[in-house]
Amino acid sequence: MSKILVHVHSDLEFKNKVTLGLMVALAPEKSGHEVTLFLAADGVHILNCKSAGEIVGQGTGDLYEHLENLKKTNANIFVSRMSAKERGYDETLLDGYKAEFAMPDKLVEESVKADSVLCY
């Protein structure tokens, strides 16, 4: 099976990009591929979505539902520590997720290991 890295760095105002990024991260994981999700820059806001209907893309689904499904997967989730800190988040942002904070070198490391890198 393949190793796929999905890197989301878009702001929530780009509803289609962030929901598509999560939808794409979920699809290969269902097929048994190894998925890593890296949230950086404004993409760290994704984990702050707390209710259904808050962020819904056109044909790309509900961000909250994608996040709830993501919690049930084996995907590796990394969140940029620097991006989160600069946007006012602390460790509570990761509550409920199998996620950890990481630095830019982790993004590079995961990119090199991946067979495919998809960015949103």
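Against the definition (buried (at least 16 other Cβ atoms within 10 Å of the Cβ), within 13 Å of the chain's Cα centre (by Cα), of a type in the set (A, V, I, L, M) and part of a loop (DSSP other than H, G, I, E, B)), how does residue 12 come out, yes or no? It is true that residue 12 is buried (at least 16 other Cβ atoms within 10 Å of the Cβ), within 13 Å of the chain's Cα centre (by Cα), of a type in the set (A, V, I, L, M) and part of a loop (DSSP other than H, G, I, E, B).
Kindly indicate which of 120, 89, 64 is within 23 Å of residue 2 (Cβ to Cβ) and among the hydroxyl-bearing types (Ser, Thr, Tyr).
Working: 89 fails: within 23 Å of residue 2 (Cβ to Cβ); 64 fails: within 23 Å of residue 2 (Cβ to Cβ).
Unique residue meeting the criteria: 120.
Among the residues of the range 33-54, at least one is touching a strand residue (DSSP E or B) at 6+ places or on another chain (Cβ under 6 Å), surrounded by fewer than 16 Cβ atoms within 10 Å (Cβ to Cβ) and not small (Gly, Ala, Ser).
Each value in this text was obtained by applying a stated rule to the coordinates, not by laboratory testing. Since this is a predicted model, take the numbers as computed values, not measurements. Glycine also receives a Cβ, built like all others from the backbone with ideal geometry; neighbour counts cover every protein chain displayed.
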